[in-house]
Amino acid sequence: DSGVTQTPKHLITATGQRVTLRCSPRSGDLSVYWYQQSLDQGLQFLIQYYNGEERAKGNILERFSAQQFPDLHSELNLSSLELGDSALYFCASSVGPRDEQYFGPGTRLTVT
Amino acid sequence: AQSVAQPEDQVNVAEGNPLTVKCTYSVSGNPYLFWYVQYPNRGLQFLLKYITGDNLVKGSYGFEAEFNKSQTSFHLKKPSALVSDSALYFCAVREGTTDSWGKLQFGAGTQVVVTP
């Protein structure tokens, strides 16, 4: 157990809908990262927050957004969902940007 | 820009034999290098990292990796593989500058299959 929690574990929704994925980092970690893992794209970095502020952006679509709250938990919002958004979404956390990242168990999103 | 290559989609090894998983990288500055392992339906688990210092890095579960700057490689090794080492292994790199923050670039992954 990495200490990073993610909810829900599984999510099934229809195209065009909006969902929110939630992540709680390890105690003491200030950085939170979101990744998308799919068979065709592999593991893709989406976005990073450090102590509430966005610090780095990767291959995140405009339909996706995220935030980190004062208690350091983070949410990833996915809207206008398409079939291609079906993937595993991982949250990771680290003490700081130079440290190793610890990954949560992931949320498996299925868009039908 | 940073990139990582894992040239082998799959590595097959017999239990008890040495295991090597290859990784090469490209960054514009000093590299921070990481290895992670993913078991089915699980998140990634951190194995080891190279930031600076000794080129041979020891990590969890008997794994080690050797940083080779001239060959821009960071191969993962285990002297004696176990069946339980069968999993998907990811190499990752980030630039060692403040601007890049924690943005990790992952390789495509190498499936390791250890047979009894």
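Any read-out appearing in this document is the output of simple, stated calculations on the displayed coordinates, not a laboratory observation. The structure displayed is predicted, hence computed values, not measured ones. Neighbour counts are summed over all protein chains in view; Cβ atoms, including those assigned to glycine, are modelled from backbone coordinates with ideal geometry.
Placing unit charges on C-beta atoms (Lys and Arg positive, Asp and Glu negative, everything else neutral), compute the dipole magnitude of region B:14-84 about its Cα centre in debye, rounded to 20. Don't skip to the end; give the middle numbers.
On the way: 7 positive and 4 negative charges, 22 e Å.
The dipole magnitude comes to about 100 debye.
How high is the relative contact order of chain A? Use alpha-carbon pairs under 8 Å, at least six apart in sequence, and give a whole percent.
38 percent
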Inter-label distance, nm, simple model (7 Å from Cα along the C-beta direction), B:Asn12/B:Tyr39: 2.4 nm
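Do the alpha carbons of any pairs in B:Lys78/B:Lys103; B:Lys22/B:Lys69; A:Lys57/B:Lys103; A:Lys57/B:Lys22; B:Lys22/B:Lys103; A:Lys57/B:Lys58 sit beyond 19 Å of each other, and which pairs? Write down the numbers at each step before the final one.
Working: B:Lys78/B:Lys103 27 Å; B:Lys22/B:Lys69 14 Å; A:Lys57/B:Lys103 8 Å; A:Lys57/B:Lys22 28 Å; B:Lys22/B:Lys103 21 Å; A:Lys57/B:Lys58 31 Å.
Beyond 19 Å between Cα atoms: B:Lys78/B:Lys103; A:Lys57/B:Lys22; B:Lys22/B:Lys103; A:Lys57/B:Lys58.
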GNM flexibility winner over chain B from B:Ser28, B:Ser70, B:Ser84 (Cα, springs under 10 Å): B:Ser70
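When a/c is below 1.5 the answer is rounded, else prolate if a/b is larger than b/c, else oblate, so apply that to region B:30-109 with a ≥ b ≥ c taken from the square roots of the Cα gyration tensor eigenvalues.
On the way: a/c = 2.26, a/b = 1.35, b/c = 1.67.
In terms of gyration-tensor shape, oblate.
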Relative contact order of chain B, defined on C-alpha pairs under 8 angstrom at six or more residues apart (%): 38 percent
Gained length - A:Ser79 relative to A:Lys57, 0.36 nm times residue gap less alpha-carbon distance: 6.1 nm
Most fluctuating residue given options A:Pro97, A:Pro70, A:Pro25, as computed from a GNM of chain A linking Cα atoms under 10 Å: A:Pro70
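Using a 10 Å cut-off on Cβ to Cβ distances, tally the other chain neighbours for every residue of B:35-47 and report the average as a whole number. Write down the numbers at each step before the final one.
On the way: counts 1, 6, 0, 6, 0, 0, 5, 4, 15, 11, 3, 8, 1.
That works out to 5 on average.
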Pair B:Ala5, A:Lys9: separation of 7 Å Cα→Cβ label points (nm): 4.0 nm
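Need one value for B:67-76: mean number of C-beta atoms belonging to other chains within 10 Å of its residues' C-beta atoms. If you can, show how the numbers build up before the last one.
Working: counts 0, 0, 0, 0, 0, 0, 0, 0, 0, 0.
Rounded to a whole number, the mean comes out at 0.
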